[in-house]
1. State whether the residues of the range 195-211 include one that is outside any loop (DSSP other than H, G, I, E, B), under 30 Å from Pro292 (Cβ atoms) and in contact with a Gly (Cβ under 6 Å, 6 or more places away or on another chain).
2. For the range 84-113, enumerate the residues that are in a loop (DSSP other than H, G, I, E, B) and either within 16 Å of the ligand (Cβ to nearest atom) or surrounded by fewer than 18 Cβ atoms within 10 Å (Cβ to Cβ) (or both).
3. Return yes or no: is Ala264 outside any loop (DSSP other than H, G, I, E, B), surrounded by 22 or more Cβ atoms within 10 Å (Cβ to Cβ) and modelled with pLDDT of 95 or more?
4. Spot the failing condition for Leu14; the list is (1) closer than 30 Å to Ala349 by Cβ; (2) touching a helix residue (DSSP H, G or I) at 6+ places or on another chain (Cβ under 8 Å); (3) part of a helix (DSSP H, G or I), and only one is missed.
5. Can you pull out every residue in the range 154-167 that is of a type in the set (Val, Ile, Thr) and either in a loop (DSSP other than H, G, I, E, B) or farther than 29 Å from Arg329 by Cβ (or both)?
6. Does Asp220 fit the bill of being free of Cβ contacts under 8 Å to residues at least 24 places away in the same chain and either over 20 Å from Lys47 (Cα atoms) or buried (at least 20 other Cβ atoms within 10 Å of the Cβ) (or both)?
7. Working only within the range 160-196, note down all residues that are over 15 Å from Tyr253 (Cβ atoms), of a type outside the set (A, V, I, L, M, F, W, C) and within 16 Å of the ligand (Cβ to nearest atom).
8. What residue, of Ile215, Ile209, is in the same structural domain as Ala116 (by TED's automatic domain parsing), buried (at least 19 other Cβ atoms within 10 Å of the Cβ) and touching a Lys or Arg at 6+ places or on another chain (Cβ under 6 Å)?
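The values are calculated or read from the model by the stated rules, or taken from the named source; none is laboratory data. In this text the structure is predicted, and so the values were computed from the model without any measurement. As a convention, Cβ positions derive from the backbone with ideal geometry for all residues, glycine included, and neighbour counts pool all protein chains shown.
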Amino acid sequence: MERVYNFSAGPSALPVEVLEKAASELVNYGDAGMSVMEMSHRSDAFKVILADAKALYKELMGVPDNYEILFLQGGGSMQFAMVAMNLMNKNHKSDYILTGNWAKKAYAEAARYGDAKAIASSADKTFTYIPKVTPEMMRKDADYVYICANNTIYGTRFKPDGLPQTGNIPLIADMSSNILSEVYDVSKFGLIFAGAQKNMGPAGVCAVIIRKDLIGNAMDITPTMLNYKTHADNDSCFNTPPCYSIYICKLVYEWVKKQGGVPAMEAINKEKAAKLYDYLDNSKMFHGTVVPEDRSLMNVPFVTGNKDLDAQFVKESKAAGLENLKGHRTVGGMRASIYNAMPMAGVEALIDFMKKFEMENK
Ligand SMILES: Cc1ncc(COP(=O)(O)O)c(C=O)c1O
């Protein structure tokens, strides 16, 4: 069977070049005589893979020297607890901006460990916009302010120039679904985490960028494995790290660098997203669900307004080689996730199919 255009929200499509490179090295990596999957994480060969992955990620993200990069397990969801247990330990207060399910889950987790407060929410309009947040809304003694930078389910995003102005309060961001997709200034954040399985690699690893002064202040109850210090002190090798996932991330970083780095990805992503949104804005059948100014570049939800027609679209698009366009179960309709690895040709194929569907079902 031919490869399809895979619009999955996660795990998601990886660049074909990355898969082919991995395939060519699967059985025997370099002159190691074994697969990366079979190597000791203490071996010289794996140490080089880890160091390269770290250096490339640092370079691509423009990470300043006063930040540490960690490759952890437990996915994005583990960070909901880790952030709270490690960072909410000065004044035991944290402020959350609720822009969808993932921010709500992070908030609920933090509320188990201290005084977490929802300072803004877009729940009133089914999370179809990003709420405006002014500095007065934040508690001056909050240990951090938390955002989900890109809302995978609802398709909204905090733009790089639209981040909450938190002053001296560390800003924490979940970038699981928009990491490496456009340029964010890392120095504006205390911590950025991203589960790899959408835009960075396979499931199993979560990359954390943390300002060094925020390491080492975890609550006493924090399990050793959930303490950032444990992993920072041991270069992400306190225990066996997700070696193969880290290796694939390294290949993805090399691919992103070859495309011209994050600025080049941003330009392509903006072009891809603009094409799709432009079609949606002019279609008589399909409608985007998000206010234009807060639209995600990565996740594009849309509806016809008719549940039966939505279901028919999902079924027929799958038969046409456009996979995973069904919307999240909590939202319905459709969602096209167009991460870095989705080529322009995939977006064009989707638009062509939508046009045809619209003609046939007038
Ligand atoms: C923005 C965001 N944060 C967190 C998560 C949870 O990630 P994980 O499944 O790795 O725990 C997801 C998963 O889709 C997500 O989209």
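1. yes
2. Within the range 84-113, Asn89, Lys90, Asn91, His92, Thr99, Gly100, Ala111, Arg112 qualify.
3. No; evaluated as a whole, the condition is false for this residue.
4. Unmet condition: (3).
5. Passing the criteria: only Thr166.
6. yes
7. Asp174, Ser176, Ser177, Asn178, Glu182, Tyr184, Gly195
8. Ile215
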